[in-house]
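The values are calculated or read from the model by the stated rules, or taken from the named source; none is laboratory data. Keep in mind it's a predicted model, so treat the numbers as computed, not measured. Positions of Cβ are backbone-derived with ideal geometry, glycine not excepted, and every protein chain shown enters the neighbour counts. Just the protein is used for accessible areas: all its heavy atoms, side chains included, with ligands, DNA and RNA removed. Shrake-Rupley method; radii C 1.70, N 1.55, O 1.52, S 1.80 Å.
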Amino acid sequence: MLSRLEAKKPSLCHSEPLTAEKVRATLCVLKGILTSCYGPSGRLKQLHNSTGGSVCTTSQSAVLLRNLSVTHPILKILTASVQNHVSCFSDCGLFTAILCCNLIENVQKTDLTATTTIKLNTHLLNFCTSYLRSEACGCRIPVDFSNTQILLCLVRSILTSKPACMLTRKEIDHVSILILRAFLLIIPGNTEDPIILGKSIIVPLKGQRVTDSTVLPGVLIEMSEAQFMRVLPVRKSSPLKVALFSTSLSGDFSDLGEGCMVVSDGVSLENAVLDQLINLGRQLVSDHVDLVLCQKVIHPSLKQFLTLHHIVTIDRVGVMLMEPLSKVTGTQPIGSLGSVSPGSYGSVKDWCSAKFGWKHFFHLIPNEATVCSLLLCNRNDTAWDELKLTCQTALHALQLTIKEPWVLLGGGCTETHLAACIRHKIYKEPGSILQDDGCTQAELQLIAEAFCSALESLAGSLEHDGGETLTDMKYGHFWTIQAGPPSVVNWTDLLSRCGCGVYNSQEELSWSFLKSTCHPFVPQACLPHETEEIRPQSTHSLTLDCLTAKLSGLKVAVETANLILDLAYVIEDKN
Amino acid sequence: MVMACRVINKRRHMGLQQLSLLAETGRTFLGPVKSSKFITDEECHGNVLVSSTVRLLESLDTTSAVGQLLNEAVQAQNDTYRTGTTTLLFLAGAWSSAVEECLHLGVPIAIIVSVMSEGLNSCSEEVVSLQVPVHNIFDHMGSTKAISELKTVSVSLGPFLQDSSGASSVQEKHDLKDVAPRFTFYSLSGRPVKSSEFFKPDAKIEAGENTSQTLKSSLHTDTCFRKSVLVHSRHFNRTDNNQGIHKPDRFQELHGATTFQTYRCSDLAELAVGLSHGDHSSMKLVEEAVQLQYQNACMQHGNCTVPFVFDISRLITCSLPGLPETFSCVCPGYIVQVSIACAGLIKELENRPIRVVLIEGDLTESYRHLGFNKSTTIKTVLGSVKLQEDSSEELWANHIMQLLIQFNVNLILIKGNVSEHLTEKCVHSKRLVIGSVDGHVIQAFAEATGAVQVAYITQVNEDCVGNGISVAFWRNPLEVIDRNNRIAVLLKTEGINLITAVLTSPVSAQMQTKEDRFWTCAYRVYHALKEEKVFLGGSAVEFLCLSHLHILAEQPLQKGDHTCLGWLHHTSSWLASSLEIYRPTVLKYLASGWHKYLSALLYNTASYSSEFEASTFIQHHLHSAIGSGSPSSYILKEYSKLNSGIFNSSILNKLEQFPRVYDVVTPKIEAWRRALDLVLLVLQTDSEIITGLGHAQINSQKLEGFLFL
């Protein structure tokens, strides 16, 4: 036999990868893509393969990064850590990615050694996280669970920040309320510790109007029309016995693995399996089961047998519904065709069949529900996919507020406020940050400036239509103004509200452009009593962010930037 | 794998341009007079005849990202409502060029998005005033008056009128013959039609003794002009044909507006003709189908105590190409084509109740239910050396035959495929096997006969068998035999909730169009009955939107009036404060979309020699409507004005029941929304990210403006 041997190629080693022009250029492209997506007026991206595959229009980091196939290891590190953050916290993906890009870019301009920058960045990060978690933090609001306003604002802020969902104001209000309701439905009634949250299942109903969306307690299982016609109304009032099968009841043979099975003529394996199924059916009948659910397929003959004995059968439930079904009914999913132990059965309160749009559903109403179904409609596939992801993000953000009952001010205000805090700290007491690391104050000044401007330009990325970005000198909040305003004019009239919507321009403030340098000042906190005051008239328009997600985003961004800055060599295996 | 990214929003927005170009292709489908198109494949020399937006987009190569989004939007609209796709396509085009104009003027994108979307919302709220309730529509069903009236109407309109694409000379003759009485209808009005009726493209028609003459000549010029437009359709731009086509609609619209006194619709015939939009022959079938279903429901539920709901899933079509148009009809029961070989069998089965089995899957030996995975690693060995005489298929077929004989089944309806071998065997033993039956048909038979659907015939027991089905030829078999030697058979049973509409056409290329049009009509009626409301038709709603937007643009934005701000009122961005400057401009551009829509519509109905002329006409009315202070009452007033005009001529009194033009509500508003959503989605997109391309592919394409990651 002829074989050919090829000599192995030597590995390639690049030193100082960040200094390469190509790397900088691609990093710049990536940053451009991400920055242009950021915020409620962010631009959308069409993702497609240009050969007729489906087109996805999005501005969400989760979708973008999943589909971007980046080549350079540095970009891979960046995208991987952002994706990891998104998979844990859902929100603040773009925030993380852009901040990381900004940091790398700004730090590179300083000419400091990697060790110094990393050390200082870490100190600054620690300052930020401890500030945001401290009582003194001036850019967070406590969540009041007895009032829906703050929670609704949080959900609404998340929905408005994804323009590809194509929602109108009314639809945003409608979906926000649904999401909040879905969130409340999964909180268990008893307040035992620890609280175990239920699950909200998003059920697709594409093509209908968004305002047709609804939330129902319990589980909705899609079924065919023929099945729909067969579902009988419940006739008894006692709890209904349920069996849930995770194994296929279709009568085929489980995977035999490799090799061949030899059967002599006249033996019908199919009939043998069917006999076994019917035996199982007999047991179900004698156990007085009322409903049989199966993840996979039920053999038509078994279905016929069970229907004959007034047992409702629903098959092809799908793996996604198995866990919630087992939870709400209290069943043990049955994984074999052998005899079923009575302990595996569960119960439900009621069921009914329902029709939404063109689809038929089996609606299972459990005794104690911490599971709900969010029937989500949108006009077309692209917008639906985007909306689904957004709803999941919002539901996740709400869940995170239970752990840390605070929200951050959104709309860029937290970023500029944080930058103002850092500037002031460096100006007043640099020693408290420096500790004894052997870094000089000048170095700290440089890195702090890089860090602050990374935060500020992140806030500035919210502006996509050529407006100017400002910060006020009292609270350190973020403001925007039309580009090229007349020189002598009262800014109070030109500006309306700050990014998060807490302050309006009538409060005797002074402003400076974000890019210009200004004298450090003590950013004042919006005190709790102040928020109480502003609440009645303006909570409807507050832009809020999830604290937990944003904190993690900040951490991931700084740490990833540090990691990338620390890279000395890239070794590439060319084989 | 390499990913490329292209910036599509430099100076001119490429996506918007593509969108308006693509939408341009559907322009001639707008309005009741549709011009068909030939789509020719240069490579394969294949031709397709299309006359609807959905079919057009199916045949076009829309591989560009924007093309696909457009296709997706149109498909979604079609899947959900089955109507409104042409409106969607046209408005998407009109609005994308309007948005582009806004971009040229330097309006920030966020403001365009916000103002346009709230502008459309405001329009949707405004047009509620033109809704007509559809109530108690079946109260008059008992009286045959309405029905007979409609019949005379449809007779006078002739069966071929909606066939704008039908170009056979025979048809033309028919058309002309049928046109004649209609001309006299026109002259009967005895006075010039008020040109102020923008809904009706009649400005040029000075009705009088020689209306027909005027019409003819004016149309002649139109069609001459149109010839140059319809370069791709060399067959279908005949003068005579066009003439024949547009008139019923005008007639329709003229009389449609006449009897508007109560603004409610409580008669099915009136509703049906109002929603027919010129396609009377299809609508006649739909109307009869609704009546049949209603009658059936009454019989089933006794005295109509249960409110009747039109179940469109129990309406099916049977297309018989090659038969004359007059054979089109609706029948209770299931009409299906079977091979001529079964003719003898059917004769034998006629006039006696037969028993049926309903199969959900295929009827073949190898069929297993969905989800059953056949193991490939099982081998069967023969225990003893005996020669197998029959194949396993033969054994299976024999087994099935035994079962059929045992249960005395003569009819098997199967959702899936059928083994040919078995079919032959069954024919020999006088059993009729029909495969590929629609699920709803099976369901209907199951309900009517008490049969239970099974996956395998081996599951059948006595309880699964349905009884009392009658089989008959649909018409004389010699009359209706088609080229493929298939004959139509009617299967029915007492009280079956199933109606078949038989669609026939001598031109087989038209079959698809005919079917599409039938369903469009059926779904219009379905939505109208479901929503219990319709819009005043004849472009009244669009005109109201146009004038409403103009009025909205003039109104100064009030402080604290958040409804106009859209999501912008959530944001504190400078955009919110500069909204006031741009708002009137954007609203006017949004209105320009309606304006284009109306002028294209008027132009398509062939009463204007140019779109410009049509546009001026609209402009004139726009001024009057805005001047009147309330456009909606202006529109209603114009309707009733014409009304009194008609009533003056006593001869037309008997046409009092003559229906007006209606439009469906939600599908229409949804089509607008989808069109605008699409445009705004494309507008907000600034780059295309192309995934999964090899280096070589991009290099070979030599595309500029790509960035790589």
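Out of the range A:281-348, which trypsin sites (Lys or Arg not before Pro) are coil in DSSP terms and have no more than 13 other C-beta atoms within 10 Å?
Sparse-neighbourhood loop trypsin sites (Lys or Arg not before Pro): none present.
When only the heavy atoms of the protein chains count and the probe is 1.4 Å, how do A:Glu368, A:Glu16 rank by accessible area, highest first?
A:Glu368, A:Glu16
Checking an interface number: how much accessible area is buried between B and A, summed over both chains, with a 1.4 Å probe, in Å² rounded to 100?
What B and A bury together is about 7000 Å².
What do you get for Rg/Rh of the range A:134-205 when both radii come from the Cα atoms and Rh is the Kirkwood radius?
1.03
Only protein chains counted, 1.4 angstrom probe. Which residues of the range A:307-329 are at least 20 Å² less accessible in the assembly than when their chain is isolated?
A:Arg316
Are there GluC sites (Glu not before Pro) in the range A:213-315 that DSSP puts in a loop and that have at most 11 other Cβ atoms within 10 Å, and which ones?
Those satisfying the criteria are A:Glu258.
Does a label point 7 Å from the Cα of A:Ser286, set along Cα-to-beta-carbon, have any residues of the range A:330-345 with amide nitrogen under 19 Å, and which are they?
Once the point is set 7 Å along Cα→Cβ of A:Ser286, A:336-345 turn out to lie under 19 Å by backbone N, inside the range A:330-345.
B:Met283 accessible area, nearest 10 Å², 1.4 Å probe?
Answer for B:Met283: close to 10 Å² accessible.
How many Cβ atoms of partner chains, on average, are near each residue of B:63-72 if near means within 10 Å of its Cβ?
5
For the range B:451-513, build the convex hull from the C-alpha positions and give me its volume per residue in Å³.
Looking at the range B:451-513, the number lands at 161 Å³ per residue.
Roughly how many Å² is the accessible area per residue of the range B:1-130, as a whole number, for a 1.4 Å probe?
36
Percent of accessible area on the range B:296-335 owned by carbon and sulfur, 1.4 Å probe?
62
I need the per residue convex hull volume for the range A:6-159, using only the alpha carbons, in cubic angstrom as a whole number.
Cα convex hull per residue, to the nearest whole number: 191 Å³.
Would you tell me the mean number of C-beta atoms belonging to other protein chains that fall within 10 Å of each C-beta in A:36-45, as a whole number?
The mean count of partner-chain Cβ atoms within 10 Å per residue comes to 5.
How far, in degrees from 0 to 90, does helix A:413-428 lean away from the longest principal axis of the Cα atoms of chain A, to the nearest 10?
40
Report P(r) for chain A: all Cα-Cα distances, bin width 20 Å, range 0 to the bin holding the largest distance, values in whole percent.
18, 41, 29, 12, 1
If you average 1/r over every pair of different alpha-carbon atoms in the range A:324-458 and take one over that average, what Kirkwood value in Å do you get?
Answer for the range A:324-458: a Kirkwood hydrodynamic radius of 21.2 Å.
For helix A:73-89, what angle does its Cα long axis make with the longest principal axis of chain A, in degrees from 0 to 90 and rounded to 10?
60
Compare each residue of the range A:149-180 in its chain alone against the assembly with all protein chains, and report those whose accessible area goes down by 30 Å² or more; 1.4 Å probe, heavy atoms.
A:Thr160, A:Met166, A:Thr168, A:Arg169, A:Lys170
What residues of the range A:189-216 lose no less than 10 Å² of accessible area with every protein chain in place versus their chain by itself (probe 1.4 Å, heavy atoms only)?
A:Gly207, A:Gln208, A:Arg209
If you wrap the range A:420-505's Cα atoms in a convex hull and average its projection over all directions, what's the area in nm²?
The directionally averaged projection comes out at 6.9 nm².
Can you put B:Tyr456, A:Tyr475 in order of accessible area, largest first, using a 1.4 Å probe?
B:Tyr456, A:Tyr475
Quick one: of A:Lys45/B:Lys668; A:Lys76/A:Lys109; A:Lys206/A:Lys388, which pairs are farther than 19 Å apart, Cα to Cα?
With Cα atoms farther than 19 Å apart: A:Lys45/B:Lys668; A:Lys76/A:Lys109.
Below 13 Å, Cα to Cα, which aspartates and glutamates can B:Lys425 reach? Residues fewer than 8 away in the same chain don't count.
Filter leaves B:Glu393, B:Glu394.
For the range B:440-481, give the percent of accessible area contributed by carbon and sulfur heavy atoms, probe 1.4 Å, rounded to a whole number.
50
What length, rounded to one decimal in nm, is gained on full extension from A:Gln276 through to A:Gln149, with 0.36 nm per residue of separation minus their alpha-carbon distance?
Full extension of this stretch gives 40.0 nm more.
Quick check on packing: order A:67-80, B:23-36, A:406-419 by the mean number of other C-beta atoms within 10 Å, highest mean leading.
A:406-419, B:23-36, A:67-80
With a 1.4 Å probe and all protein chains left in place, how much of the accessible area of chain A comes from carbon and sulfur atoms, in whole percent?
In chain A, the share of accessible area belonging to carbon and sulfur is 53 percent.
Per residue, how much accessible surface does the range A:421-467 expose to a 1.4 Å probe? Answer in Å², no decimals.
About 42 Å² of surface per residue is accessible.
Among the trypsin sites (Lys or Arg not before Pro) in the range B:453-517, which ones are in a DSSP loop with at most 10 other Cβ atoms within 10 Å of the Cβ? Mind listing them?
Those satisfying the criteria are B:Arg483.
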